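Notes for the one structure printed next.
The values are calculated or read from the model by the stated rules, or taken from the named source; none is laboratory data. Quick caveat, the model's predicted, so the values are computed rather than measured. Please note: Cβ atoms are built from the backbone with ideal geometry, for glycine as well, and neighbour counts cover all protein chains shown.
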Amino acid sequence: MVYFWAIAAYLIFLIFVGAYRSRMVKTSADFMVAGRRLTTPILIGTLLATWIGSGSIIAGGEFSYKNGLAGLWMPAGAWAGIVILYFISGRARRLAQFTVPDILELRYNKYARLLGTITTIIAYTAIVSYQFRAGGFVLNLVVGIPESQGILITAGFVILYTALAGMISVAYTDVVNGLVIMIGIFIGLPYLLNHAGGWSAVRASLPADHFTILGSMSFLQVLGYFLPTMFLLLGESNMYQRFFSARDEGSAKRAVIGWTIGTIVIEIMIVAMAVVGSSLYKDILPETVIIHAARYGLPTVLGCLLLATIVAVIVSTADSFLLVPATNVMRDIYQRFINPNLSEKKMVAYSRLAVVILGLLAFIQVRWFGSVLAMAIYAYTMYGSGITPATVGAFFFKRGTPLGGVSSIALGIGVTIVWELLKHPGGVPTIFPAIGASISGLVVVSLLTPKPAEEKIRPFFPVSVNVKE
């Protein structure tokens, strides 16, 4: 029971921080973008803890359990995406918007905004859903709570916590989570490796292909994991929402540098921990390898620290991915199309209600997929194909037109759904036809339609632009 109480104590601490910060929520800007006053250290912590969730610990652990060090291909997609985001972060903060659909309407039109919102709701509730499932895994393995009850407990905590204080609460607790997960993994990996008998013993107990570049996969299969992660990260609304929350452009850009370093280091160590764990625990559910290693491969104190932090980052990722679509529903649908004159007080109250409704929608999705990895790749592909080309194109493709942006989003969503329903014809991962259709829609349709008006381009390219060139 010591593990249970460690987890409970850590979550109670997070509730205390959230309740304290909730007193600062006075306006919708406070709830959605922390009043645009986050400093570089806070931004680094919240970016790190938001990205390192069950996608890394559960899905990434499963991928590495099955494929060894080739499991690095999945997080490497995020590293590539973060590098590109460095060149967008300051420009995104300059726009001072609230959501990615804000960007899509500013650059294209209201239909791009609406399609972007729908895509975000579909993809992000799926991501929240597998955070709930991951919480169920942890509670089941650690204290024997039936998985279904663990999922219910996790969902209830996340929904209530997110509705409490919005971005202000999330950002500050993320800093704590980011620091603790780094400490837990940095200390835990050497202990686990020693428990396994050293690296030579790990190599001797696993297939040789676990230590090759591609593992047992083809290059096409590897790209099927690398590209969805990269394209999700490039257009990821949570990251843009944090850029919008920054105190200024410089804070946003500096935060990306710290985030890049922290993410690379932590995810390499998570993959290494999964590989070492796979040499120790042969007959377990692959998704639980990191949790299993923390519970049975580490000293009690260290295991408590790591398990509590794993639960915390799962909660952190879940509340971040729940806050974004709630913000989208309120700002990009309700306020934009239904009630433009909504008061600040009602905006905050309705945003909290949206969090609850979307949280329940995510809970319903829990059993739609066979594994966290499968659900993660589906959600990454849906969002990365539907949103990212149009979003990144807004900052780099001057010739992009409103119809091109709308076509890109519609084709990305449509092809993803069709390819998934057809069960990947020819064994081709969904990301290839989906992202190809999305990029083609943006470029080809834009080139076939009249050039965009200068007022559509000016916010993204401050220097005077001659659209006739």
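Applying the set (1) of a type outside the set (S, T, N, Q); (2) in contact with a helix residue (DSSP H, G or I) (Cβ under 7 Å, 6 or more places away or on another chain); (3) over 29 Å from ILE435 (Cβ atoms) to ALA246 leaves exactly one unmet item: (3). Taking the listed residues PHE369, PHE432, the one that is modelled with pLDDT of 95 or more, under 30 Å from LYS66 (Cα atoms) and surrounded by fewer than 21 Cβ atoms within 10 Å (Cβ to Cβ) is PHE432, with no other qualifying.
When LEU164, LEU160, LEU141 are checked against the criterion of being free of Cβ contacts under 8 Å to residues at least 24 places away in the same chain and of a type in the set (A, V, I, L, M, F, W, C), LEU160 stands alone in meeting it.
Residue by residue, here is whether (1) β-branched (Val, Ile, Thr); (2) without any contact (Cβ under 8 Å) to a residue 40 or more places away in the chain holds:
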| position | (1), (2) |
| --- | --- |
| VAL222 | yes, no |
| GLU236 | no, no |
| SER245 | no, no |
| SER251 | no, no |
| ILE261 | yes, yes |
| ALA274 | no, no |
| ALA294 | no, no |
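Going by what's in this entry, would SER438 be described as free of Cβ contacts under 8 Å to residues at least 40 places away in the same chain, of a type in the set (S, T, N, Q), assigned to a helix (DSSP H, G or I) and crowded, with 21+ Cβ neighbours inside 10 Å? Here the answer is no, as SER438 does not meet what is asked. Of all residues in the range 330-348, those satisfying the criterion of being under 17 Å from GLU105 (Cβ atoms) and part of a helix (DSSP H, G or I) are MET330, ARG331, ASP332, ILE333, TYR334, GLN335, ARG336, PHE337, ILE338. Out of ALA29, ALA6, ALA59, one residue alone is in contact with a helix residue (DSSP H, G or I) (Cβ under 6 Å, 6 or more places away or on another chain), at pLDDT below 80, part of a helix (DSSP H, G or I) and surrounded by 17 or more Cβ atoms within 10 Å (Cβ to Cβ). It is ALA29.
Among the criteria (1) farther than 17 Å from LEU104 by Cβ; (2) in contact with a helix residue (DSSP H, G or I) (Cβ under 7 Å, 6 or more places away or on another chain); (3) without any contact (Cβ under 8 Å) to a residue 60 or more places away in the chain, the one SER351 does not fulfil is (3).
Does SER64 satisfy being closer than 24 Å to THR391 by Cα, hydroxyl-bearing (Ser, Thr, Tyr) and out of contact with any Cys (no Cβ under 6 Å at 6 or more places or on another chain)? When the stated conditions are applied, SER64 does not pass them.
The residue that is surrounded by the fewest Cβ atoms within 10 Å (Cβ to Cβ), counting only those in the range 399-428 that are hydroxyl-bearing (Ser, Thr, Tyr) and more than 18 Å from MET375 (Cβ to Cβ), is THR401.
Residue by residue, here is whether (1) buried (at least 20 other Cβ atoms within 10 Å of the Cβ); (2) outside any helix (DSSP H, G or I); (3) not hydroxyl-bearing (Ser, Thr, Tyr) holds:
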position: THR229; (1), (2), (3): yes, no, no
position: GLN241; (1), (2), (3): yes, no, yes
position: PHE244; (1), (2), (3): yes, no, yes
position: ILE264; (1), (2), (3): no, no, yes
position: VAL271; (1), (2), (3): yes, no, yes
position: THR288; (1), (2), (3): yes, no, no
position: LEU305; (1), (2), (3): yes, no, yes
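With respect to (1) more than 28 Å from LEU179 (Cβ to Cβ); (2) in contact (Cβ under 8 Å) with a residue 24 or more places away in the chain; (3) not β-branched (Val, Ile, Thr); (4) not in a loop (DSSP other than H, G, I, E, B), the lone exception for MET217 is condition (4).
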